[in-house]
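The values are calculated or read from the model by the stated rules, or taken from the named source; none is laboratory data. Every value quoted in this text rests on a predicted model; they were computed, and no experiment measured them. When we count neighbours, we look across all protein chains shown, and the Cβ atoms used for this are built from the backbone with ideal geometry, even at glycine. For accessibility, only protein heavy atoms count, side chains too; no ligands or nucleic acids. Shrake-Rupley method; radii C 1.70, N 1.55, O 1.52, S 1.80 Å.
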Amino acid sequence: MEQFRDGIQSFENGNLQAARAHFESAVAAGLTSSSLFYNLGVTCYQLGDYPAAETAFRTLLDGQNGALVRYNLGLVALGKGDQEAARDWFEQSAAAGTPEKIRALSLAQLKELGGNVVPPGRQPERRGYLAASEGYDSNIAGLPEATTSREGGVFFDALAAGTFEQPAGARSRFALEVAAYARKYPSDGSYDTRVLQGRLGWSESLNDGERGAVVSVVQSWFDGQSLERRYGVEGYYRWNGCVLVGSPDQCGVALAAATVDGGSGFEAYDGQWYRARLHALKYYGSWRFYGEYALEINDRRDQRTTDEYISVSPNHHTVEVAARYRWQTDLVTGALGSIRHSRYQEPHVLVASAGESGRRKDNRLEVGVLAERSLNSRWLVRGEWLIRDNRSSLAQYGYERQTVMLTLEGAF
């Protein structure tokens, strides 16, 4: 901290070389505050050492001041003579919902780079996302919460999403989102799944956070057949900073409900679905910590036959924690863990040959690790390993499952 304070004093006195030396000494001594890396980035930028400035600013990309960091990375790109990269960074820092001052500065830079720029608060935003994955699943699962296949196989995933955001005032906006997802198992197509989702939302930036509401339609398919269609609504509120243990940088609450129509042959899934979520987010130097609690309630038709009754109406309680650490400007590693307790509303009644009968209660543990490397400002590669262990009061629903996956991901 003494080196950091000396660096600030040198910077204010106009001695940039000395300021840089003090800031770098503070980094070498183990100080990892966002203020340190930001001041180091500004100092290196003013000295004309653009690669060093970029390295310092990229360390802060996952922090709470992401818009300011992206604006500065745009300035660094301009200093390097890379107008295309500068435009990319300024477009990100000019996105709706960012602080008005930063947005105005970013739009001014975009105007200087050429092209028509709509005044702040009136510019529609278009964003896209693409991801392609290949992986191995040690225990392929079929229908939600059903028994697993006890067989492993390679899979391929594809995800595409797009958002059109239209400002509706100085602080509010409407957003239309569309996403499509597919997973294919080459060894057994009967487990292939597809999902298509559409969402229309409204949100408003507030002095202390953000609030919003969403309506959605989600259609899913299993083995080429319509599994279910959900018509849902959700409302949320997020606070920038909250009075909790550890003083999180963000926390929020969300409530959602949906009516579900099961497809032909899947009428057991007809019914209602409800969810309440609480989350908290904390940045600490190069660390990013996330925690969430979710309560999910299902009230479905369930599966009834002359001799059997199978409940597909679980109540889930889930606690999830995750941590990410930025080792370098382009390298992030992370770990996650979650515990979920499930209790089904009615006891299962099965013929003896089909499995055990009784009320189903599950306890599921998940742990995983990931590593992420950025290829440029838009593309990254991620590797993930997830282990899942489900213990059930009914033996046929207990399983262990491991998934390994490599993903190429791009944001536009």
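Using the Karplus relation 6.51 cos²θ - 1.76 cosθ + 1.60 with θ = phi - 60°, the per-residue 3J(HN,Hα) values for the range 22-37 come to 5, 4, 5, 5, 5, 5, 4, 7, x, 6, 10, 5, 5, 4, 4, 5 Hz, with x marking Gly and Pro.
The simple Förster model, with R0 at 25 Å and r as the Cβ-Cβ distance, assigns Val195 and Arg126 a FRET efficiency of 0.65. Placing R0 at 45 angstrom, the Cβ-Cβ distance between Val243 and Val404 gives a FRET efficiency of 0.65 after rounding to 0.05.
For the chain, the relative contact order comes to 10 percent (Cα pairs under 8 Å, sequence separation of at least 6).
Taking the centroid of alpha carbons for each part, the range 153-191 and the range 343-407 are 22 Å apart.
Heavy atoms of the protein only, probe of 1.4 Å, neighbouring chains included. What is the accessible area of Phe412 in Å², nearest 10? Phe412 exposes around 90 Å² with every protein chain in place.
Measuring nothing but protein heavy atoms, the accessible surface of the chain at 1.4 Å probe radius is 55 percent carbon and sulfur.
Just how many pairs of Lys in the chain have C-alpha atoms closer than 29 Å, counting pairs that are eight or more places apart or on different chains?
Total qualifying Lys-Lys pairs in the chain comes to 4.
Computing Rg and the Kirkwood Rh from the Cα coordinates of the chain gives a ratio, Rg/Rh, of 1.02. Quick one: net charge of Leu365's neighbours, Cβ under 13 Å, K/R +1, D/E -1? Local charge sum for Leu365: 0. Here Ile339 sits with roughly 110 square angstrom of accessible surface, probe radius 1.4 Å.
Over the range 287-348, Cα pairs under 8 Å with separation of 6+ residues give a relative contact order of 36 percent.
For the chain, the per residue solvent-accessible surface stands at 51 Å², with DNA, RNA and ligands left out and a 1.4 Å probe.
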